[in-house]
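FYI, it's all coordinate maths here, none of it is from the lab. As the structure is a computational prediction, the values presented were derived from the model and not from experiment. Here the Cβ positions follow ideal geometry from the backbone for every residue, glycine too, while neighbour counts run over all protein chains shown.
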Amino acid sequence: MSINTSLIKESGKAVQDLGVQVAEYFYDNMFKNFPEVRAMFPGDMSEQRVRLFNSVLLIAGNIDNTDMLVPYLQELGVGHIKYDARPEHYTIVGKSLLQTLKHFLGPAWTKEMAEAWIAAYNLASTICIKAAYEAMAPGRFQPLTLEDVPPAQAV
Ligand code: HEM
């Protein structure tokens with residue numbers, strides 16, 4: 001499925017220009033609608049607040065730059081294993097993100113715009129989730145053998 005990358009880039013920039021209030025709205029909205037994820041984040045969000053959001057804007061700004069984007073998203077997905085971010089959480093973050101964009105973009109949130117963001121978010125999340133899955137693949141476990149702990153030699 002092709003993504004309307006110019007819509008993503010233009011709207012990402014417009015939202016970025018609105019500053020920190022966008023990140024605040026995003027988290028308030030997510031924690032209100034999905035209180036189950038609140039405990040995953042630090043109590044004091046002042047430092048972390050913009051990181052996730054800035055990262056989304058970085059992704060939006062580079063949505064047509066696959067060479068940069070794919071490794072970035074793979075690393076992000078693997079990095080989120082330590083936060084216990086699961087596939088269902090990506091749905092929650094995505095809904096909250098798109099509701100935030102809708103709120104701030106107002107009349108610019110057209111059907112075309114919504115479709116572009118849905119496609120971009122679905123693709124980005126899938127890359128994150130697949131990378132995390134591959135990083136945790138059972139096949140990566142190398143079973144121990146006696147060679148790892150050789151028995152004492154009889155003298
Ligand atoms: C495409 C979606 C997402 C993007 C772009 C994103 C981006 C980021 C970034 C850039 C950071 C800070 C740097 C780092 O540790 O990697 C971060 C931290 C974090 N993210 Fe995500 N994230 C996404 C999805 C999620 C999901 C689905 C969850 C689970 C609810 C989540 C939970 C967290 C948590 C708990 C932190 C650490 C906060 C802290 O301890 O201060 N993220 N995220």
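Descriptive notes on the structure:
- Check: region 5-137 dipole with +1 on Lys, Arg Cβ and -1 on Asp, Glu Cβ, in debye: 200 debye
- Among the listed pairs LYS13/LYS111; LYS13/LYS82; LYS82/LYS102, those whose Cα-Cα separation exceeds 28 Å are LYS13/LYS82; LYS82/LYS102.
- Since only ILE59, THR110, ILE81 are under comparison, the one whose Cα sits farthest along the positive direction of the charge dipole of region 16-155, derived from C-beta charges on Lys, Arg, Asp and Glu, is THR110.
- Cα-Cα separations in region 1-116 greater than 17 Å, expressed as whole percent: 58 percent
- Counted charge near ALA135, where neighbours are those whose Cβ lies closer than 12 Å (Asp, Glu -1; Lys, Arg +1): +1
- The angle between the Cα long axis of helix 49-61 and the longest principal axis of the Cα atoms of the chain comes to about 80 degrees, rounded to the nearest 10.
- On Cα atoms only, tilt of 87-105 relative to the major axis of the chain in degrees: 20 degrees
- Acute angle (nearest 10 degrees) that the helix 66-79 long axis makes with the longest principal axis of the chain, alpha-carbon atoms: 60 degrees
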